[in-house]
Amino acid sequence: SLCDLMTEICQGEEKQTGKLISDCACGSGRTLLAHHVRNLGNYYVVEDIDKTCAMMCVCNFLLHGVMGEVIWHNSLIPEQFYGAWRVNAELNNPLSKWHGIPHIQVISWEETKIKGMLDNMSNVTRMKKILQTNAEKHLARFKEIMKEKVRSEESKQEARMELMKYNKIKRVLKNYGKN
């Protein structure tokens, strides 16, 4: 009942369906089960450093029809990976041999959604650095042109272009910050 109360307090009346739900310290998965009961149709990606907890979570997911991945590793050091299980991934797929049958599949680190999310985050970080460097170059060139005492029409046009490129990159970086 405590897990049910926590789910109700955290979620409110809004139902969540078709989302990826993550928990970096899932324990036995009981809180996730409370969420699952109120919000069918989500995919859960959960982690725990304790093997017993991870295995209890796998069992709970299997018995209660929760679809997701249970990853046994240190979520503070994700690469410190010990094992992972995909649970009920094809449970609701009518074309699968597992349709309607609870099942567990052992998966590798590369197959986990966490690995994919971490890779995506590193790509975004790398792209942000590249964009920031380019923005600084355009701003520096703009300032360099503006310091010239006498500016031709061509240099004024170049200054406008540099400022426009700088502003465009800053808008893109601002959008990256929202995601």
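Observations
- Relative counts (whole %) of C-alpha pair distances in segment 72-138, using bins that are 5 Å wide: 3, 15, 15, 14, 13, 11, 10, 7, 5, 4, 2, 1
- Debye intensity ratio in log₁₀ form over the Cα atoms of segment 16-62, taken at each q of 0.14, 0.19 Å⁻¹: -0.29, -0.53
- The length gained by stretching the chain between GLN11 and ASN93 to full extension, at 0.36 nm per residue less their Cα-Cα distance, is 26.8 nm.
- Size check on segment 116-168: the Cα extents along the three principal axes, sorted descending, read 53, 14, 11 Å.
- Amide H contacts of ILE107 (H built 1.01 Å from N, under 5 Å, at least 5 apart or other chain): ALA84, TRP85, ARG86
- For segment 158-174, putting each phi into the Karplus relation 6.51 cos²θ - 1.76 cosθ + 1.60 with θ = phi - 60° gives couplings of 4, 4, 4, 5, 5, 5, 5, 5, 4, 5, 5, 5, 5, 5, 4, 4, 4 Hz, in residue order, rounded to whole numbers and with x for Gly and Pro.
- Ranked by the mean number of other Cβ atoms within 10 Å per residue, highest first, peptides 145-157, 21-33, 124-136 order as 21-33, 124-136, 145-157.
- Debye, to nearest 20: dipole size of the chain, +1 on Lys, Arg Cβ, -1 on Asp, Glu Cβ: 1200
- Reach of LYS143 by Cα under 25 Å, taken over lysines that are not fewer than 8 positions away in the same chain: LYS128, LYS129, LYS156, LYS165, LYS168, LYS170, LYS174
- Entry note, the chain: the mean residue ellipticity at 222 nm calculated from DSSP H runs of n ≥ 4, each adding -39500 (n - 2.57), is -18000 deg cm²/dmol after division by the residues and rounding to the nearest 500.
- Highest to lowest packing among 101-111, 160-170, scored as the average C-beta count within 10 Å: 160-170, 101-111
- Scattering curve values for the chain, log₁₀ I(q)/I(0), Debye with Cα scatterers, q = 0.20 Å⁻¹: -1.26
- Positive-pole candidate from TYR82, LEU163, PRO94, dipole of segment 30-179, charges at beta carbon: LEU163
- Computed E for ILE21/ARG126 - FRET, C-beta separation, R0 35 angstrom, nearest 0.05: 0.80
- Measuring between their Cα centroids, segment 1-67 and segment 98-121 lie 16 Å from each other.
- Cα lying deepest toward the dipole's positive end in the chain, options GLY68, GLN132, CYS26, charges on Cβ: GLN132
- Per-atom-type breakdown for the chain gives carbon and sulfur 58% of the accessible area (1.4 Å probe, protein chains only).
The values are calculated or read from the model by the stated rules, or taken from the named source; none is laboratory data. All values derive from a computational prediction rather than experimental measurement. Because the Cβ atoms are built from the backbone with ideal geometry, glycine has one as well, and the counts that use them run over all protein chains shown. Quick note on the areas: whole protein, heavy atoms, side chains included, nothing else; ligands and nucleic acids left out. Shrake-Rupley method; radii C 1.70, N 1.55, O 1.52, S 1.80 Å.
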